[in-house]
Structure formats: structure tokens, C-alpha cells
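What follows is a set of notes on a single structure, which appears directly below.
The values are calculated or read from the model by the stated rules, or taken from the named source; none is laboratory data. As the structure is a prediction and not an experimental result, all values here were calculated from the model. All Cβ positions, glycine included, derive from the backbone under ideal geometry; neighbour counts span all protein chains shown. These accessible areas exclude ligands, DNA and RNA; they are computed on the full protein's heavy atoms, side chains included. Shrake-Rupley method; radii C 1.70, N 1.55, O 1.52, S 1.80 Å.
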Amino acid sequence: MSKNQAPSAQVIEKRNRHLPPGPRGYLLLKLSELQHQPIEYLDRLWREYGDLVRLPIVPGFTFYLAAHPDHAEHILSTHQERYRKPDFFLKPMGLVQGQGLFTSEGELWLKHRRLMQPAFHQKQLVNLYAVMLSCVQSLLREWEKKPEGEVIDIAAEMTRLTLKIVSSALFSVDISGEYNRLGQAFRTALEYVYYRINTPLAPPVWIPTPRNLKFRQAKQTLDRVVLEIIQARRHNLIDNRDLLSMLLTVRDEVTGEGMSDRQLHDEVITLIDAGHETTATTLAWTWYLLGTHPDVMANLLDEVQTVFNEDDLTFEKLPQLQYTRRVLDESLRLRPPGLGLAPRVALEDDEIQGYFIPKGSIFNIAVYFISRHPEFWDNPERFDPDRFLPENVIQRPKFAYLPFGAGSHTCIGKNFALMESTLILAAIAQRFSIELVPHQSIEIEPRFTLRPKYGIKVTVQKRY
Ligand code: HEM
């Protein structure tokens, strides 16, 4: 537009609209702080500027912190058609997960979500419960053989257990024997994805840099293990009543088509990936919180002993562990597996809380801050499972608590994860007393999940 030309009505309207508040200038030089200490950094901005903070990183790339339940509801539910996961996130994630449920959008996502949803229905979980129980029992047998007072890293143990559960539930094959190799391959691949998302000028993956080569090797290991299992099952089509059997037989209601090996591969990798690290991190922090709150631990044990005494934990009675479930809910509030959900980009100009949101804005829906927002959570840093008594839950807006996300992309494995975690907590508490090793360094490592950086060291002692 030349200097003398009058701006269009739309441009004037945009100019007059207010952008959300935030620090001045571009934050490129602060990027390292944002990446390495995101909780501390964003917490400061949240306190200074409020629930919606604008963070211009470089020209053309502006990031927003959204820390109010209403923002989450706007983006994930009421105006979800205006937002999607951005390519700078989907493409690197797709290097590992292909076009699985977590990394697809639009029609493809909808088709797969419809195909996969029945496999996660509550009534299917009955079939998976026995698998979960047998995996926990085998861990308990291993622990029984340990010398009294031996120190273990319960975060690593929970990762091993949840990997074993998710792989057994998916394909009735225990891949945790390959835990070191497979777990390491996942970790290497995800570290790499994290690096790519945070390094816009990273060399393309086909260039043989040491980092790229390491990633490609990890990816090959993952692909090989998963494709071998799928192909073996295709040749020997027995119904194992596991998730893979279900996924092999699902048909699109409209086209009648099933999934190709490639699609199955992508979904299987997605489910292993999304389904073990999140649950393991949740359980690790729950043991930490129980260790630092002996009164809560005593209540939990009391409930487990009242409901089950020394008997096996049955599927039918598991829902009676309501206090245990509240402990998990509260642990997920204080330590959600992620600081935020996957980023979302605005597909068109929008308005949130009276502020103008230009097309292309990138949002971090900050679950971590929303679930300690003082307007909805009294004394937010206090660990108090009774916040999740039904009479307290109905007082809060639904979007004030989002550990499993919300809207159409809400976690497909939520019921699986909650059943699994309740069972694991109860089964371990019933047989072992867990004590935190004193004076250890406990810190959050902010990656895709908020893992304990140095693990969580405990001693386990048999109860009977
Ligand atoms: C405590 C455990 C878990 C937590 C806290 C959790 C959390 C989440 C969250 C927050 C999302 C939504 C992300 C977004 O919208 O950006 C999500 C999506 C997803 N989760 Fe989970 N998850 C857990 C366990 C699981 C398990 C056990 C599985 C599978 C076995 C699973 C599979 C998935 C998949 C496939 C998606 C993508 C759904 C879609 O986009 O349609 N998750 N999870």
C-alpha cells in the first residue's frame, strides 16, 4: 500500500483491536531459557501478564500461552474448527509415528479415530485387565526376590512395567525383554523429534550427521519390531482378544476398508509411544507424592486392604478403589505428563477474551498452569485428593482439569490408563511398603513429558 492510500476498513479494524499482552520485542535470544526452563519462565510471564500471554519469537512466528479454562474450551471445543496441530509439530512427530492418530488431522484423523474407538471402549477393557494384572504380578514376583532395603528407581520400573503392559495389551507379546533396546530406541527417536521441533534450522534428516544417523538407526529398530509382529499376525490370524486383533479386523463403516500394514504400523507405534511414557510418568510422580504425604499413603493402603484384603485385585471390585482413583486424579493435576497439550495453530483470525488473535498464532494450552489456576484451585500447590470428591468436582468448570486433553482429540487411552494406573498403585501398595530415599535430588525434566530428571529412588519392603 502506498503512503497516501487509505487503509481498508478491515485493516483499520484489525489495527484497533488489541493483541494480548506480553514482553516487548522478539524472544529469539530467550529461546534457550524457554526451551530449558519452560515451567519457571512461563510461570513468571503468566504472573506478570495474566492468562493469555503473547510471545513473539521471530517475525512471523508468535507463540501464545493460554492458561485459562475458557481459552482451552474455545480452542478445543467451541471453536475447534479454527485450530489444528501445526506442521512444525506434526512433521517431526510424523518421523516416528507416521500418520497415526496423534499426528493426523482432518478426514484421515476422523476415519482412524472412528476405526479405533471401539477397541478402547470400556467393555473391551475387561479383556485387557487380565493382561495388566499378570504384568503387575510378574513385577511383584521380581521385587520379592530383591534383598530387603535394596534401592530401586521406581520411575524406571514404572516405565518398564507400562511398556510391558501396553505391548502385551496390543499384541499379546511382551516386548519388555527388548526393553533396553526398544525403550532406548523410543527415547532416542523422541529426543530427536524434540530437537527438530525446537531447532527450526536443523539439517534435513537425510543428511548423514551423527545425530541423524543415530535417529535413523533407532527408527529402524522400532519399524522392524512392529512390522515383524504385524506380519506374523497377518499370517496366523488367531483372535488373541488384544488390541492388534481388533485393529486387524476393524472395517470402515462406509467403505468397508480395513487398515493397511503401513497404517497399522503407524497406529501401533503411536499407541506404544503415547501409551507408556505418559502413564509411567504419572505413576512415578504419584509414588513421589505418596512418599511425601504419609497420611495419604495410609488412607490409600487402608482402602486397598478394606476392599481386597490380601486377595487378588479383581476387575469387578477395582471401581471400589475410589480414594486411590482420587489420588491419581490429584497427582495428574499437580504433575500432568505434559506442560501443555500439542501446540495448536489458528487457521483464521480469531478473538479470545476480547483480544485479537491473528491467523497463524501458535498456542500452548498450558495444562500445567490451568490445573493450578488460583481461581479454580484453592491453595493450588497442596496435594489433596479430596479435591476430586464428586461434590467438589461439580463446582469447577470442566476445562479447569485437562490431563487427558479435551474435545475431539481427547486421549483415546484415558480409560485404559486410569484402570491400569489404579491397578498398579493398589497391587504394589497391597504387597510392598515404598519409602523414598532421603536427600535425593528431585527435579522435573521438561521434554514431551515432565519426567523426573534423576528418577525417583525408593526402597521396597514386603508387607507379608
Ligand atoms: C496417564 C496417562 C495418559 C495421559 C495423561 C494422556 C494424555 C493425553 C493427552 C493430553 C492427549 C491429547 C493431546 C492433545 O490434544 O494435544 C492424548 C492423546 C492421545 N493419547 Fe493419551 N494419555 C495417557 C495414556 C494413554 C494411553 C494408555 C494410550 C493408549 C494405549 C494413549 C493414547 C493416546 C492417543 C492415540 C492420543 C491421540 C488421540 C487423538 O488425537 O485422537 N494415551 N493423551
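For this structure, a couple of remarks:
- Residues that are within 11 Å of the ligand (Cβ to nearest atom) and open to solvent by 10 Å² or more (accessible area, probe 1.4 Å), drawn from the range 94-107: Leu101, Phe102, Thr103, Glu105
- Residues within the range 72-88 that are open to solvent by 10 Å² or more (accessible area, probe 1.4 Å) and within 30 Å of Phe215 (Cα to Cα), tallied: 3
- Residue match in the range 47-64 (condition: assigned to a helix (DSSP H, G or I), surrounded by fewer than 19 Cβ atoms within 10 Å (Cβ to Cβ), in contact with a Pro (Cβ under 9 Å, 6 or more places away or on another chain) and not aromatic (Phe, Trp, Tyr)): yes
- Strands (runs of 3 or more DSSP E) enclosed by the range 370-464 - at least 2 residues per element that are within 16 Å of the ligand (Cβ to nearest atom) and assigned by TED's automatic domain parsing to the domain that holds Glu191: 444-446, 450-452
- Residue satisfying condition, being assigned by TED's automatic domain parsing to the domain that holds Leu128 and free of Cβ contacts under 8 Å to residues at least 24 places away in the same chain, within set Thr292, Thr286, Thr282, Thr306: Thr306
- Residue list for the range 266-296, filter: open to solvent by 30 Å² or more (accessible area, probe 1.4 Å), away from the ligand (no atom under 16 Å from the Cβ) and assigned to a helix (DSSP H, G or I): Gly291, Thr292, Pro294, Asp295
- Search result, residues across the range 241-265 that are open to solvent by 60 Å² or more (accessible area, probe 1.4 Å) and either under 25 Å from the mean Cα position of the chain (by Cα) or within 16 Å of the ligand (Cβ to nearest atom) (or both): Arg241, Arg262
- Residues of the range 316-348 that turn out to be buried (at least 16 other Cβ atoms within 10 Å of the Cβ) and in a loop (DSSP other than H, G, I, E, B), as a count: 10
- Checked against the criterion of being modelled with pLDDT of 90 or more, over 18 Å from the mean Cα position of the chain (by Cα) and surrounded by 22 or more Cβ atoms within 10 Å (Cβ to Cβ), the candidates Ile154, Ile165 yield just one match: Ile154.
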